[in-house]
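**Q** My questions will all concern the structure given below.
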Protein chains: 2
Amino acid sequence: MSFYGFSMAVQKVTLFTEQALNLHFGGQLDRIEVAYQTYGRLNADKSNAVLICHALTGDAEPYFEQEEGRKGWWQSFMGEGLALDTSRYFFICSNVLGGCKGSTGPSSPNPLSGKPYGSQFPHIVVQDMVRVQHELVAYLGIPRLQAVIGGSFGGMQATQWAVDYPDEVDNIVNLCSSLTFSAEAIGFNHVMRQAIVNDPNFNRGDYYAGEPPHRGLAIARMLGMLTYRTDIQLAKAFGRATKNEGAFWGDYFQVESYLSYQGEKFLERFDANSYLHLLRALDLYDAGLGYANLKSALARIKARYTLVAVTNDQLFKLVDLRKSRQLLEQSGVRLDYHEISSDYGHDAFLVDYDIFEAKIRDGLASAAVSES
Amino acid sequence: MSFYGFSMAVQKVTLFTEQALNLHFGGQLDRIEVAYQTYGRLNADKSNAVLICHALTGDAEPYFEQEEGRKGWWQSFMGEGLALDTSRYFFICSNVLGGCKGSTGPSSPNPLSGKPYGSQFPHIVVQDMVRVQHELVAYLGIPRLQAVIGGSFGGMQATQWAVDYPDEVDNIVNLCSSLTFSAEAIGFNHVMRQAIVNDPNFNRGDYYAGEPPHRGLAIARMLGMLTYRTDIQLAKAFGRATKNEGAFWGDYFQVESYLSYQGEKFLERFDANSYLHLLRALDLYDAGLGYANLKSALARIKARYTLVAVTNDQLFKLVDLRKSRQLLEQSGVRLDYHEISSDYGHDAFLVDYDIFEAKIRDGLASAAVSES
């Protein structure tokens with residue numbers, strides 16, 4: 001139902017068929033399609049389920065079996081005996097509401113017109129995405145999650161699970177994500193959005209019948225990549241090596257060629273409207289939405305909460321992770337807080353398995369149940 | 001001769017009238033117009049002249065007299081008794097070759113056609129700009145400079161003065177600029193360039209008869225601003241305050257409104273082609289161009305060299321400033337190196353007078369002559 005590829009093996013379910021989902025910013029969505037995947041086996045007492053929340057441009061498939069020859073976005077973190085141990089846990093991962101990898105989003109058909117939603121897709125926030133995930137977990141017959149884990153945007157979803165469903169999750173693992181998005185990070189998102197919105201093909205979001213705003217989306221992706229990595233990693237990988245000295249305004253340097261490639265590659269797999277909606281949900285994330293204030297929202301959390309900061313993360317800066325630590329502690333949350341260093345910066349949670357292994361393993365396993 | 005405003009009081013001279021300037025990347029330019037301004041008085045033995053080199057989007061006028069009611073880009077650093085002491089020095093500042101503030105650049109008329117150069121403007125590097133500055137200093141009858149000072153891109157020009165004219169300058173003051181531009185910084189420039197080049201009005205640079213590529217240029221400027229400041233400063237100035245909650249895809253947050261305003265304001269004063277050329281000159285800067293290697297180029301420096309790093313500069317990162325320090329020291333340069341902290345990050349050299357005052361004062365005054 002979407003223009004953007006996802007594995008044929010992904011599972012699909014239609015939720016909110018009886019009653020529509022009331023969205024936090026107004027409006028409703030019903031008959032929401034959700035693409036999801038599961039890994040491992042649910043045990044007899046249904047106590048080993050772990051929900052994985054993907055980051056901004058992720059999807060429902062963090063892992064593929066070796067014989068499939070494909071790699072998921074958490075391929076190296078997942079498997080028997082690894083931190084995301086498929087012999088121990090039953091993992092569930094779904095594409096977020098608003099995405100373009102099989103779940104209902106702006107490129108899905110609007111039931112009113114039969115054509116893609118485009119500009120008519122409603123505004124969504126993290127809380128709406130979590131509602132849909134909660135409905136999926138209920139559909140799977142799981143009353144309580146051993147853990148919810150996510151990095152970056154996924155970490156915000158994990159946090160919200162603990163706030164909105166305090167009695168249904170024992171452990172939260174939040175990697176490389178603060179409780180709120182900084183002014184600087186909103187600024188980067190603003191530049192990315194303007195690149196898309198100003199693309200002559202954008203047509204206010206109703207571009208599905210014509211050429212998509214590919215130039216704007218590629219520019220946005222290139223900028224995103226720069227905030228996900230670090231100067232150190234780019235210096236090591238590319239330095240000042242040249243690629244094509246004849247391309248004075250193009251990919252003169254290797255690092256330019258790398259960025260251009262990342263921008264182009266992204267076009268095959270992502271929809272500009274989904275990107276816009278998910279960026280804005282990042283900006284707007286506020287765990288206190290619908291509660292008296294942020295602290296009283298955080299005080300609802302009963303789960304053990306593991307927060308891992310990468311010291312040289314250029315998107316979610318250490319100062320904001322430390323503020324989140326303070327807020328969580330002041331709200332009485334049982335917190336395990338860690339700071340680690342990686343040249344990969346923000347992307348470390350996707351590529352630097354060794355430094356996260358113990359943190360994830362402990363974060364998923366910590367026995368909150370015995371204390372509650 | 002340019003479309004972009006500069007003060008009526010700026011002085012103009014046409015240089016390279018007898019012999020053309022041979023450019024480092026090939027091609028020539030002759031009858032080069034140079035907009036410049038001077039401040040203070042040249043003393044009798046012409047020993048108190050200081051050349052100021054402007055940064056990427058600066059101009060020939062760092063300062064205006066109070067009665068003019070305008071502010072220059074170094075207004076708060078300059079005046080009687082200040083770090084840039086107009087009662088002590090004779091300051092010269094010129095708009096760089098390739099700029100759009102009165103000196104010959106892509107928006108100037110091409111003598112072959114009478115129309116703006118546009119896509120026909122040749123590739124230029126810092127060394128070409130410094131050649132033009134050198135010609136201006138000669139035209140003013142000054143045999144030797146007490147100092148050359150600049151921040152950011154201006155610091156690269158200052159460095160090159162010491163390399164190319166080692167017997168004509170006593171002191172170099174380089175603020176917030178490393179000897180080379182990092183892969184990450186080239187990456188940001190790449191994204192900015194692509195935003196301009198992909199603007200439907202760009203027309204390969206030949207847009208002067210029609211609408212200029214304003215959307216692309218505004219996006220580039222917004223991104224530039226984010227690299228010039230810091231997360232700390234943006235958090236203090238804007239935090240997560242909202243501006244217009246009705247503008248879901250526009251300036252929802254204050255920081256977005258600030259960036260949009262900076263982008264718009266820039267359009268009144270800058271030409272997209274000049275921006276492209278100067279960005280690329282930043283990327284390409286290599287003090288060793290035309291010499292055996294970088295170290296042998298740096299070994300030519302006889303001037304005392306003051307290098308000031310801002311520890312939280314997000315464009316010219318501390319690691320690169322420290323590498324520059326090492327390179328200069330290994331090349332036998334007499335170096336005064338300082339690290340200072342400012343929430344303003346890279347922009348500190350334009351706005352944070354107090355932390356730079358002593359460094360600039362000492363850097364200009366240090367008596368290299370007595371030792372040579």
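**Q** Quick check on B:VAL130: is it closer than 23 Å to B:PHE181 by Cα, open to solvent by less than 10 Å² (accessible area, probe 1.4 Å) and out of contact with any strand residue (DSSP E or B) (no Cβ under 9 Å at 6 or more places or on another chain)?
**A** no
To keep it simple, each residue is scored yes or no on (1) under 20 Å from the mean Cα position of the chain (by Cα); (2) within 14 Å of chain B (Cβ to nearest Cβ).
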| position | (1), (2) |
| --- | --- |
| A:LEU298 | no, no |
| A:LEU307 | yes, no |
| A:VAL310 | yes, no |
| A:PHE316 | yes, yes |
| A:LYS323 | no, yes |
| A:ASP336 | no, no |
| A:PHE349 | yes, no |
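**Q** Moving on. Within segment B:198-223, which residues are assigned to a helix (DSSP H, G or I), at the interface with chain A (Cβ under 10 Å from one of its Cβ atoms) and crowded, with 20+ Cβ neighbours inside 10 Å?
**A** Within segment B:198-223, B:GLY205, B:ARG215, B:GLY216, B:ALA218, B:ILE219, B:ALA220, B:ARG221, B:MET222, B:LEU223 meet the criteria.
**Q** I'd like the full set of residues that are open to solvent by 10 Å² or more (accessible area, probe 1.4 Å), of a type in the set (A, V, I, L, M, F, W, C) and closer than 25 Å to A:ASP362 by Cβ, limited to segment A:291-314.
**A** A:ALA299, A:ILE301
**Q** Right, something else. Does A:SER94 fit the bill of being within 14 Å of another protein chain (Cβ to nearest Cβ), under 17 Å from the mean Cα position of the chain (by Cα) and at pLDDT 95 or above?
**A** no
**Q** Just to be sure before I move on: is A:ASN110 closer than 16 Å to A:SER274 by Cα and either of a type in the set (A, V, I, L, M) or open to solvent by 10 Å² or more (accessible area, probe 1.4 Å) (or both) in the structure I sent?
**A** When the stated conditions are applied, A:ASN110 passes them.
**Q** If you scan segment A:118-127, which residues turn out to be open to solvent by less than 20 Å² (accessible area, probe 1.4 Å) and over 17 Å from the mean Cα position of the chain (by Cα)?
**A** Residues satisfying the conditions are A:GLY118, A:PHE121.
**Q** Could I ask something else about it? Checking the condition at pLDDT below 95 and out of contact with any Cys (no Cβ under 9 Å at 6 or more places or on another chain), which residue from A:SER370, A:SER342, A:SER331 passes?
**A** A:SER370
**Q** Further question on the same structure: Contact list please: Cβ distance under 8 Å, first residue in segment B:295-323 and under 11 Å from B:SER177 (Cα atoms) and acidic (Asp, Glu), second residue open to solvent by less than 60 Å² (accessible area, probe 1.4 Å) and not in a loop (DSSP other than H, G, I, E, B), pairs at least six apart or on different chains.
**A** Qualifying pairs under 8 Å: B:ASP313/B:LEU321; B:ASP313/B:GLY345; B:ASP313/B:HIS346; B:ASP313/B:ALA348; B:ASP320/A:ASP231.
**Q** Related question: Of the conditions (1) in a loop (DSSP other than H, G, I, E, B); (2) in contact with a strand residue (DSSP E or B) (Cβ under 6 Å, 6 or more places away or on another chain), A:GLY114 satisfies every one except a single condition; which number is it?
**A** The one condition A:GLY114 does not meet is (2).
**Q** Here's a follow-up. Yes or no: B:ASN174 assigned by TED's automatic domain parsing to the domain that holds B:TYR344 and open to solvent by less than 10 Å² (accessible area, probe 1.4 Å)?
**A** So B:ASN174 passes the test.
**Q** Ok, one more. Of the residues A:SER152, A:SER108, which is in contact with a Cys (Cβ under 6 Å, 6 or more places away or on another chain) and within 29 Å of A:MET225 (Cβ to Cβ)?
**A** Residue meeting the stated conditions: A:SER152.
**Q** Just give me the residues in segment B:244-259 being touching a helix residue (DSSP H, G or I) at 6+ places or on another chain (Cβ under 7 Å) and either more than 11 Å from chain A (Cβ to nearest Cβ) or in a helix (DSSP H, G or I) (or both), in sequence order.
**A** Result: B:VAL255, B:GLU256, B:LEU259.
**Q** Among the residues of segment A:224-233, how many are more than 9 Å from every other protein chain (Cβ to nearest Cβ) and open to solvent by less than 10 Å² (accessible area, probe 1.4 Å)?
**A** Qualifying residue count, segment A:224-233: 2.
**Q** Something else about it: Taking segment B:262-272 as the search range and keeping residues that are under 22 Å from B:GLY105 (Cα atoms) and open to solvent by less than 30 Å² (accessible area, probe 1.4 Å), which one is nearest to the other protein chains (Cβ to nearest Cβ)?
**A** Restricting to residues being under 22 Å from B:GLY105 (Cα atoms) and open to solvent by less than 30 Å² (accessible area, probe 1.4 Å), the top hit is B:GLY263.
**Q** Separate question: Within segment B:330-363, can you find the residues that are more than 19 Å from B:PHE153 (Cβ to Cβ), assigned to a loop (DSSP other than H, G, I, E, B) and either open to solvent by less than 40 Å² (accessible area, probe 1.4 Å) or aliphatic (A, V, I, L, M) (or both)?
**A** B:SER331, B:VAL333
**Q** OK, next. If the requirement is being at pLDDT 95 or above, open to solvent by 10 Å² or more (accessible area, probe 1.4 Å) and over 21 Å from A:ILE124 (Cα atoms), which of these qualifies: A:LEU259, A:LEU318?
**A** Just one listed residue meets the conditions, A:LEU318.
**Q** Within segment B:59-98, work out how many residues are in contact (Cβ under 8 Å) with a residue 60 or more places away in the chain and in contact with a Leu (Cβ under 9 Å, 6 or more places away or on another chain).
**A** Adding up the residues that qualify gives 12.
**Q** Would you confirm, using the coordinates I've provided, whether A:ALA162 is closer than 19 Å to A:ALA365 by Cβ and small (Gly, Ala, Ser)?
**A** Against the criterion (closer than 19 Å to A:ALA365 by Cβ and small (Gly, Ala, Ser)), A:ALA162 qualifies.
**Q** I'm trying to understand the selection: among the residues of segment A:117-151, which are free of Cβ contacts under 8 Å to residues at least 60 places away in the same chain and in a strand (DSSP E or B)?
**A** Matches in segment A:117-151: none.
**Q** Looking at segment A:175-197, can you tell me whether even one residue there is within 14 Å of chain B (Cβ to nearest Cβ) and more than 26 Å from B:THR242 (Cβ to Cβ)?
**A** So far as segment A:175-197 goes, no, none of its residues is within 14 Å of chain B (Cβ to nearest Cβ) and more than 26 Å from B:THR242 (Cβ to Cβ).
**Q** From the list A:GLY154, A:GLY239, exactly one residue is in contact with a His (Cβ under 6 Å, 6 or more places away or on another chain) and either in a loop (DSSP other than H, G, I, E, B) or more than 14 Å from every other protein chain (Cβ to nearest Cβ) (or both). Which is it?
**A** From the options A:GLY154, A:GLY239, the qualifying one is A:GLY154.
**Q** Right, next: Please go through segment A:14-51 and pick out each residue that is closer than 16 Å to A:SER87 by Cβ and in contact with a Phe, Trp or Tyr (Cβ under 9 Å, 6 or more places away or on another chain).
**A** A:THR38, A:TYR39, A:GLY40, A:ARG41, A:LEU42, A:ASN43, A:ASN48, A:ALA49, A:VAL50
**Q** Provide a single number: the residues in segment A:18-29 that are closer than 24 Å to A:ASP286 by Cα, out of contact with any Gly (no Cβ under 9 Å at 6 or more places or on another chain) and not in a strand (DSSP E or B).
**A** Residues in segment A:18-29 being closer than 24 Å to A:ASP286 by Cα, out of contact with any Gly (no Cβ under 9 Å at 6 or more places or on another chain) and not in a strand (DSSP E or B): 5 in total.
The values are calculated or read from the model by the stated rules, or taken from the named source; none is laboratory data. What you see is a predicted model, and the numbers here were worked out from it, not measured in a lab. Quick reminder, even Gly has a Cβ in these numbers, built from the backbone with ideal geometry, and neighbours come from all protein chains shown. All accessible areas refer to the heavy atoms of the entire protein, side chains included, with ligands and DNA or RNA removed. Shrake-Rupley method; radii C 1.70, N 1.55, O 1.52, S 1.80 Å.
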